[in-house]
1. Output the residue which, of all residues in the stretch 138-164 that are under 14 Å from residue 83 (Cβ atoms), without any contact (Cβ under 8 Å) to a residue 60 or more places away in the chain and out of contact with any strand residue (DSSP E or B) (no Cβ under 8 Å at 6 or more places or on another chain), is surrounded by the fewest Cβ atoms within 10 Å (Cβ to Cβ).
2. What pairs come up if the first residue lies in the stretch 173-195 and is on the phi < 0 side of the Ramachandran plot and free of Cβ contacts under 8 Å to residues at least 24 places away in the same chain, the second is assigned to a helix (DSSP H, G or I) and basic (Lys, Arg), and their beta carbons are under 9 Å apart, counting only those six or more places apart or on different chains?
3. Taking residue 82 as the residue in question, decide whether it is at pLDDT 95 or above, assigned to a helix (DSSP H, G or I) and surrounded by 21 or more Cβ atoms within 10 Å (Cβ to Cβ).
4. Can you work out which of the residues in the stretch 101-143 that are of a type in the set (D, E, K, R) and assigned to a helix (DSSP H, G or I) is nearest to residue 156 (Cα to Cα)?
5. Among the residues of the stretch 107-121, count how many are of a type in the set (Phe, Trp, Tyr) and either in contact with a helix residue (DSSP H, G or I) (Cβ under 8 Å, 6 or more places away or on another chain) or farther than 15 Å from residue 42 by Cβ (or both).
6. Tell me, please, whether a residue that is closer than 26 Å to residue 152 by Cβ, assigned to a helix (DSSP H, G or I) and over 13 Å from the mean Cα position of the chain (by Cα) can be found in the stretch 88-100.
7. Could you identify the single residue in 172, 120 that is of a type in the set (Asp, Glu) and either within 17 Å of the chain's Cα centre (by Cα) or exposed (fewer than 13 other Cβ atoms within 10 Å of the Cβ) (or both)?
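The values are calculated or read from the model by the stated rules, or taken from the named source; none is laboratory data. For clarity, every value in this text was computed on a predicted model and none was experimentally measured. Note: ideal-geometry Cβ built from the backbone for every residue, glycine included; neighbour counts use all protein chains shown.
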Amino acid sequence: MNSTIVLYVHGFKSSSRANKSELTKQYIRDYEVDLAFDAMDLPNTVKAAFEEMSDMIEKYKNSGMKVTLIGSSMGGFLSMYLSAKYDIKAALINPCVYPWMFFNRVMGKQVNPYTGDEFEVTENHVAEARKIADSYELKMSNLALYLQRGDKVLDFSDSLALLGRSALVHVEDGGSHTFDNYDSCLPEIIRFLRS
C-alpha cells in the first residue's frame, strides 16, 4: 500500500472529474508509482464540503497514510484551512482566499455543470466561509501557492497578499483562472507535497 496520498479538492461548481484532477491522477499514475490519489465530488456549501474533506482526511490518516492536498479556486480555500486543521501540506492553485467576496458576486441560483445539481448561494455561504477562516491559523511552511496574473475570476493580488510567505510561491504572467499549463507545474507540486 502507498504511504502517501494526494487528495484533489475541486472548486466552486466543479467536480472530481475536473481537468486538473484528471491531469494530477494521470501524472501520479504515470510517474509517481508509490503515491496514491483520490478526489471526491464535494457538496455545494462550504461547511458541508469542509466537513466531508475532513472525514476523508481522517479516514486516510487513520489508515496510516500521509495526506497531502491540491486545491483549486474554492478548493484552494478549503485546502488552506484543512492544511491548518491537520498540519498537512497543500498546493493552492489560483485559490479563492476571500470566498465571502466571491459569494457576494454570485448570490442566487446556480447550476453545477458537471453534476447538474441546482443550488442557491445565500448569506449562509458567506457566514460559513468566514467561520472556517476564523477557526484556524494558517501555517505558511505547509503551503505552496500557484498563481497566474491572467486570472479574470479572482484577483491574484489578494492571494499574494495573504499567502506571499508560503514555503513555495510560483507566479506567472498571463494564464487564466483554470491555470494554463498546470501539467508543467505538477513535478514541482508533487516534489513539494512529498518533501
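1. Kept after step one, since they are under 14 Å from residue 83 (Cβ atoms), are these residues of the stretch 138-164: 138-145, 162-163.
Narrowing the set further to residues that are without any contact (Cβ under 8 Å) to a residue 60 or more places away in the chain leaves 138-142, 144-145.
In the following step, the residues that additionally are out of contact with any strand residue (DSSP E or B) (no Cβ under 8 Å at 6 or more places or on another chain) were identified as 138-141.
Details: 138: 18, 139: 16, 140: 14, 141: 11.
Once the filter is applied, the top-ranked residue is 141.
2. none
3. So residue 82 passes the test.
4. Ranking the qualifying residues of the stretch 101-143, first place goes to 105.
5. 0
6. yes
7. Checking each option against the conditions leaves just 120.
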